1. Quantify how strongly other chains surround peptide A:289-299 by giving the mean number of their Cβ atoms within 10 Å of each of its Cβ atoms.
2. Roughly how far apart, in whole Å, are the Cα centres of the stretch A:42-83 and the stretch C:99-143?
3. Please arrange A:76, C:248 by how many other C-beta atoms lie within 10 Å of their C-beta, fewest to most.
4. When DSSP beta bridges are limited to those with both residues in the protein assembly as shown, what percentage is antiparallel, rounded to the nearest 5?
5. So what is the relative contact order of chain A, in percent, for Cα pairs below 8 Å that sit 6 or more residues apart?
6. So if we plug the beta-carbon distance of residue C:442 and residue C:323 into 1/(1 + (r/R0)^6) with R0 = 45 Å, what FRET efficiency do we get, rounded to 0.05?
7. At what distance in nm do the modelled label points of residue B:104 and residue B:157 sit from each other, each positioned 7 Å from its Cα along Cα→Cβ?
8. Can you give me the convex hull volume of the Cα atoms of the stretch C:425-464, divided per residue and expressed in Å³?
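Each value in this text was obtained by applying a stated rule to the coordinates, not by laboratory testing. Everything numeric here is computed off the predicted structure, so don't read it as measured data. Here the Cβ positions follow ideal geometry from the backbone for every residue, glycine too, while neighbour counts run over all protein chains shown.
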């Protein structure tokens, strides 16, 4: 970042490196901070309850130690890192945590999380796996249970109007993220992947209104960039789950690729889908979280027994993004022990093949210790792309 | 091992030197040796490419290219029809699919010793034999032992136990080679192997291993004359292309500040 | 391979009933092969998915894919299928049952016939695959979808079967209505799918009979397993890993009922004769969680050789007494199934609420420790399965924290002996369900030996 006078970027840097500093301040002001780890947590309900949702991060530089006392090493390494940091007190400003039925690593360890951290509030949001009419109705009820439970904790009955207001704020937030993504479309992009990862990561640690404010300032500052600070090199997509440390993206960019688009949880998966407005707010949220968030944990029925159509319905967003952002190659980045993504690797490969996008598949731990290994693979992949 | 290849119209000299915690910094010494043998001063070298695991530790290189790309190029120069390369080195093992001397897909194992030549070194040490003897010993076995542990440390223990049970040494060695062949072929099969398959790296000098791998894959694999040098040869050829292209444009190739010294690492 | 196979002899079981399971499982597999030839419909299925009775009532033959993988494991012949899956791009860190199954199926599809020397004739090509998204197991949600890549014409139907987790501020009765309603809808959706696949309508009278038989079987199993409380215990977990077969693969059939009738009789006779699993029963252990290593079931015999028996296990205890499960007044078999499912999964909630710091999973352990006079707990952490194995260590830790049943004397600060209570000793074994490369017999048995020594020393220091 060459803009010396852009103090917005140094603020982001500070929020990124001292993650949670704003949440701590808000806690001291008497706000209730509610931690979460996954895209499936309905943030609108937390905000409507007057609480502050806070996306917990892992730390690839911190070896997992204390977390292993109560949590098996066969769980998702990213989730274990978040748990380990929590046990070590990194997030001891939290008043509660919400876990979603996203995957076994989360669902099967809810008790471990709840009893070990022993926060004043915790809740498990049970998502259906299928998209049937009955599933949608069930999820609607389940969201209402959560709404009532959290309202009980926050001492506030969450009204439809509260929800509608929160939905409005989050939709605005998603518009701004979309605007940030638009800056990746030029070649070279106006904004690097490393910068954007930091911005989005930081955004998820703030109350949504503050995140909106921050994104506005970032957009204004970036509007002043007449020329891209980046080189015109190969444009890379990252396909995978949550990559909330900048190291992977930075490594790709240091090796001479521009990361221009992703399907990541803390990227497009979390940040782009909107909630419909006008109707019943809870149904609209149910639809957004269950239907619109495309994660392999949700089963999308192969209705016509047609392989091609099935791949298109499951992975069509990948192809859409690849075209929109003119990706030259993609990296499928999957954590070890991840059942939802792990079982899809052959199908995802088949899909990338069908859209003729060169692919590098990486299985990784959540640790800075593997960066050397990633480096050779990514460099070789960039050499392959030429 | 640190390898240096110097090429003009053809290979002028090649040296295979040691790599270890101490020698890692000393790529310059191997380079000096190669220059001596070729009878050339360092300044006459028009372009230097560093590759492999230690490519970042070569302060006198003009460019770093991964071993994947270099192996592809090197192997294609010996075997124009090669489609798949299996490289088993001391640090790692990899499979590379190639087309016209360029990699089109690859898989790697550099996470675990049991899939690399290091596995054989450790087991040879445990059994008190020389690693060079393993191939011949294994070829004498008709009933390779089953080594079920995939972790080097556990496999080492298993080998000791089996030796105590009285299983003949040759069967154990054959079992160990089979186990490595198993792991490597399991990984390489992710590439949908096409023939012709070339085996490179130090392990390719082990006749027992070549046999075990061919058996596992179900068809013969070829080995280049100097299987340790294909990566270095590839690097040299890629460097030569860069230098020649620059020359065609009447420019000198983009080069780095060179120093034929050991690097400083903390 | 030859050396390994010779060593692997038939395992000794305590009961004759358990010994009769082998041929029964073999018959499943050959039965599905025959059925396929005869043109009957066969469906890929998972255990504990609530559809057993529905399939039986519609004459659809289930192919239990986890069972087939377990057989490959028990025969020590899973490795080649696991490797094949890996070469398809699937990580070895995923569920090895699924990897074994997908590897086998892909191989069969590629050849157009069974892979060479397929265990017990192999796993048949299905007419349909019935997935289940539960709160229990991701692979059940993903496995058949992954298999479909190699058999795109075989339809998958996925049913959602949720149950609520234990919360402080929400009781299961608060959410029961919408859970049960959803499960009923999902089951009706499944029936409609099966009707379409078979071209025949569900005979609901028959389904009622099957569900009724299933419920009677649940009660019979509960009563039968309860006989294992006897000292010495007439049957251990080693046998239960066999008798889980009729429980988990044959529910809703007369054979399953008859099997447990036979086992019930056998156990009663043993109890009357005071005939135990071992002659001199020293330690009564609870298998407190984790699927077994199917290739190393003889470890149970090793425990027995040290005088240790397992009168109870939580693994594959997929039934409860129907008398204790809330069932509304309904004759609709689909509704009965849904209520049974819900009741099973919230079974321990109310008890847990009464003990500070407790949790249903922990409460279950405590109940068995008391009912079966348990001296120690053994668990198995299978590396490839998150479903059954995440949370086990925590359960042990939490149990130790809130439940200390053993009175012992310790040296107090003033040098005098003080009476206090300690937790039960526990042992966690580590390996896998079918991936034999993770198993070391020497290491496992060293751990067992050390555990037995601990039990011995605790027994000595126990104050009576």
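1. 2
2. Cα centroid of the stretch A:42-83 versus Cα centroid of the stretch C:99-143: 34 Å apart.
3. C:248, A:76
4. Values: 25 of 86 bridges.
Looking only at bridges with both residues in the protein assembly as shown, the antiparallel portion is about 30 percent.
5. So the answer I get is 19 percent.
6. On the way: r = 47 Å, r/R0 = 1.04.
Rounded to the nearest 0.05, the efficiency is 0.45.
7. 4.5 nm
8. Details: hull volume 2.3 nm³, N = 40.
With only Cα atoms used, the stretch C:425-464 gives 56 Å³ per residue.
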